[in-house]
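Okay, so here's the structure we're looking at.
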């Protein structure tokens, strides 16, 4: 199979990831374009912003039809993110490519831990219709800056921000994140185009394949349980983060770091699950103890 065929096949997976998980497109796109298509790192980052932006714009359609998009939150987050993304794209011209990819990988691993652990459940608190504007703007600028610097569409940061901090259900966070990703990706691309050349033919072929995958992923998103979706997203980001980080280091150091990263993630995930289980037992046990103290039986 030729390099172009492999790149296009990988682009379908990029689209499925975006449509199903609301992120992960750039996590796949940057390594695909660097290690398979053979593009220089900064050209790959710029191209990934184009691919991910266009694919997200199309991929939001099935989520919108299923009412899994919070439009005000997404548009405000996206506008704030576009400002940060453009600035990040301009700043990237002064940062070595290896530093960008290493920072990209480390941020992926930190986000994966947060997704695998999940947020502690809060009883009696319904999922908000929209998030507070100030928080959305602040998170949007920060995530946008990272988007422009490392070429990440931001889904691996936006989805946790919406699901873990904002309290949106995972399927809604996925749909809303696609609006944000499309806006920030195009802004980050604008920042890159002043200094980086893009192979428009390759970018068009990869984008077309990714769009097909995103429509497929969007149809699958509503059929996957929320908890399974969140943890699958987390472990997917762990795998890609370890891969990218290992490629930036000597073989022995890369292997050792990969083992440590996986072991650390597993430890944190198990600890978080036990802690949530212990908290749940305490909540269940409290009414029983109260009934015993008052002598009331059901």
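A short reminder: the numbers here are calculations on the coordinates, not readings from a lab. Remember, predicted model here, so these are calculated numbers, not experimental data.
Here are the numbers:
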{"quantity": "Separation between Cα centres of segment 168-232 and segment 51-95, rounded to whole Å", "calculated": "9 Å"}
{"quantity": "Computed lengthening from residue 215 to residue 5, 0.36 nm per intervening residue step minus Cα-Cα distance", "calculated": "73.6 nm"}
